[in-house]
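Okay, so here's the structure we're looking at.
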Amino acid sequence: MLIRAAGAVTWRPGPDGDEVLLVHRAKYDDWSLPKGKHEPGESLPQTAAREVREETGARVILGRHLAPVRYKAGGHPKQVDYWVARPAAVDDGAVPNHEVDEVAWLTVPRALERVTYKQDVAVLIDFTSGPGTTVPLILLRHAKTLSRSDWKRADADRPLDKAGAADAATLGGLLACFAPRATVASSATVRCLDTVAPYAAATGSAVQALEDLAAPSRARPAPRPDPAAVLGPLIEAREPAIVCAHRENLPALLESAVRLLDGKPPRDKDAAPLPKGAFLILHCAGGQLTAVDRYDSFAD
């Protein structure tokens, strides 16, 4: 059985260069990146944010996903997923959990010398390979809906089903790991607005309902709306943004976003159709695309 865990490279600017947060565990007398086991019902990004908070007192905002590491723990394979993170707040008076007796902010070179395990060295090197600060542009497909055959009224009014409503509630917490507040642009259809409503309520983010993000249909006259008209202002603002749309127009939105951000064409797996409730995060720095992360499920 694969053991899943998650953590983060939490960093801040320092007088001698960027500093990262390490923890010391008295039981093992080791220095490592903060991490911990995934709990049932939570997403791995939520695990990472929770573990950093419990072990260090830092409330973090997650950025790009780093390469996972695998090793044996107690005879079982273990995978730890890491994210780049920056602190939104640090409680210096926080009491670490029962495993951690000391925390330290160290420059990256000193951290590379201090960490006990070679897998942490690999994660820190991966961290240095890209920018620490990025702005997320999140392309989200609406959650599960009632089937067309069970809905006799206008398709734009078709709502989420019970599973979709539950997924939307889960998305509220998951998206907040990456964007505690964002500009939200949504298709004006009920299913899209209901998908982003829990996130908006939890974070105080306003939702713009846009007819230009509605799914293409026989009733829509040509030409189709230009995705750049929606995405351009969001990208120019260089602030976190979420765009909720449909299977039919998400590929065009992705293509337009990559072009506007001077990015490379997405990998085949990122360009593949998103399942309902799934999303892509386009990590932007200086108005350019630096990484793309795909989230097809909430928990593993």
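The values are calculated or read from the model by the stated rules, or taken from the named source; none is laboratory data. Because the structure is predicted, anything quoted here is derived from the model rather than measured. Neighbour counts are summed over all protein chains in view; Cβ atoms, including those assigned to glycine, are modelled from backbone coordinates with ideal geometry. These area figures cover heavy atoms from the full protein model, side chains too; ligands, DNA and RNA do not enter into them. Shrake-Rupley method; radii C 1.70, N 1.55, O 1.52, S 1.80 Å.
From A156, A169, grab the single residue that is open to solvent by 30 Å² or more (accessible area, probe 1.4 Å), modelled with pLDDT of 95 or more and not in a loop (DSSP other than H, G, I, E, B). Please lay out each step first, then the result.
Values: A156 fails: modelled with pLDDT of 95 or more.
Going through A156, A169 in turn, just one is open to solvent by 30 Å² or more (accessible area, probe 1.4 Å), modelled with pLDDT of 95 or more and not in a loop (DSSP other than H, G, I, E, B): A169.
Could you please find all residues in segment 15-28 being in a strand (DSSP E or B) and modelled with pLDDT of 95 or more? Talk me through it step by step, then tell me what you get.
Restricting attention to segment 15-28, the residues satisfying the condition of being in a strand (DSSP E or B) are 19-25.
If the condition is that a residue be in a strand (DSSP E or B) and modelled with pLDDT of 95 or more, then E19, V20, L21, L22, V23, H24 are the ones that fit.
Under the condition of being within 11 Å of A5 (Cβ to Cβ), in a strand (DSSP E or B) and open to solvent by 40 Å² or more (accessible area, probe 1.4 Å), which residue from segment 59-74 is modelled with the highest pLDDT? Steps first, answer last, please.
Here is the first cut: in segment 59-74, the ones within 11 Å of A5 (Cβ to Cβ) are 68-71, 73.
Imposing the further condition that a residue be in a strand (DSSP E or B) reduces the set to 69-71, 73.
Then drop every residue that is not open to solvent by 40 Å² or more (accessible area, probe 1.4 Å), which leaves 70-71.
Values: R70: 95, Y71: 91.
By that ranking, first place goes to R70.
Here are the criteria: (1) in contact (Cβ under 8 Å) with a residue 40 or more places away in the chain; (2) assigned to a helix (DSSP H, G or I). Tell me which single one K78 does not satisfy.
(2)
Being small (G, A, S), in contact (Cβ under 8 Å) with a residue 12 or more places away in the chain, open to solvent by 30 Å² or more (accessible area, probe 1.4 Å) and in a helix (DSSP H, G or I): is that true of A229 here? Explain how you work it out, then say what you get.
Details: small (G, A, S): yes; in contact (Cβ under 8 Å) with a residue 12 or more places away in the chain: yes; open to solvent by 30 Å² or more (accessible area, probe 1.4 Å): yes; in a helix (DSSP H, G or I): yes.
It is true that A229 is small (G, A, S), in contact (Cβ under 8 Å) with a residue 12 or more places away in the chain, open to solvent by 30 Å² or more (accessible area, probe 1.4 Å) and in a helix (DSSP H, G or I).
Can you name every residue in segment 84-143 that is among the hydroxyl-bearing types (S, T, Y), surrounded by fewer than 21 Cβ atoms within 10 Å (Cβ to Cβ) and within 30 Å of P251 (Cα to Cα)?
Within segment 84-143, the subset among the hydroxyl-bearing types (S, T, Y) is 107, 116-117, 128-129, 133-134.
Retained after the next criterion (residues that are surrounded by fewer than 21 Cβ atoms within 10 Å (Cβ to Cβ)): 107, 116-117, 128-129, 133.
Result: S129, T133.
Within segment 256-273, track down each residue that is open to solvent by less than 80 Å² (accessible area, probe 1.4 Å) and more than 15 Å from the chain's Cα centre (by Cα).
S256, A257, V258, L260, L261, G263, P266, A271, A272
Inside segment 29-58, can you point out the residues that are assigned to a helix (DSSP H, G or I) and either closer than 14 Å to V90 by Cα or among the polar types (S, T, N, Q) (or both)?
Here is the first cut: in segment 29-58, the residues assigned to a helix (DSSP H, G or I) are 44-56.
Within segment 29-58, Q46, T47, A49, R50, E51, V52, R53, E54, E55, T56 qualify.
Just to be sure before I move on: is A85 in contact (Cβ under 8 Å) with a residue 60 or more places away in the chain and assigned to a strand (DSSP E or B) in the structure I sent?
Numbers: in contact (Cβ under 8 Å) with a residue 60 or more places away in the chain: yes; assigned to a strand (DSSP E or B): yes.
The answer is yes for A85.
If you take the residues in segment 234-255 that are of a type in the set (A, V, I, L, M) and more than 22 Å from R158 (Cα to Cα), which one is surrounded by the most Cβ atoms within 10 Å (Cβ to Cβ)? Please lay out each step first, then the result.
Quick first cut of segment 234-255, residues of a type in the set (A, V, I, L, M) only: 234-235, 237, 241-243, 245, 250, 252-254.
Adding the requirement that they be more than 22 Å from R158 (Cα to Cα) leaves 234-235, 237, 241, 252-254.
Values: L234: 22, I235: 22, A237: 11, A241: 24, A252: 16, L253: 20, L254: 22.
Ranking the candidates gives A241 first.
Kindly provide the set of residues from segment 274-300 that are over 12 Å from the mean Cα position of the chain (by Cα), exposed (fewer than 13 other Cβ atoms within 10 Å of the Cβ) and within 17 Å of W83 (Cβ to Cβ), ordered by number.
Within segment 274-300, just D300 meets the criteria.
For the subset of segment 172-207 comprising residues that are open to solvent by less than 10 Å² (accessible area, probe 1.4 Å), in contact (Cβ under 8 Å) with a residue 60 or more places away in the chain and assigned to a helix (DSSP H, G or I), which member is farthest from E239 (Cα to Cα)?
Among those that are open to solvent by less than 10 Å² (accessible area, probe 1.4 Å), in contact (Cβ under 8 Å) with a residue 60 or more places away in the chain and assigned to a helix (DSSP H, G or I), it is T195.
One residue is enough: does segment 248-258 have a residue meeting the conditions in contact with a Lys or Arg (Cβ under 9 Å, 6 or more places away or on another chain), assigned to a strand (DSSP E or B) and touching a residue at least 12 places away in the same chain (Cβ under 8 Å)? Break it down stepwise before answering.
Filtering segment 248-258 down to residues in contact with a Lys or Arg (Cβ under 9 Å, 6 or more places away or on another chain) leaves 249-250, 252, 258.
Adding the requirement that they be assigned to a strand (DSSP E or B) leaves none.
Scanning segment 248-258, I find no residue that is in contact with a Lys or Arg (Cβ under 9 Å, 6 or more places away or on another chain), assigned to a strand (DSSP E or B) and touching a residue at least 12 places away in the same chain (Cβ under 8 Å), so the answer is no.
Kindly indicate the residue of segment 1-39 that is among the acidic types (D, E) and under 24 Å from C177 (Cα atoms) and also most open to solvent (accessible area, probe 1.4 Å) among those meeting that condition.
It comes out as E39.
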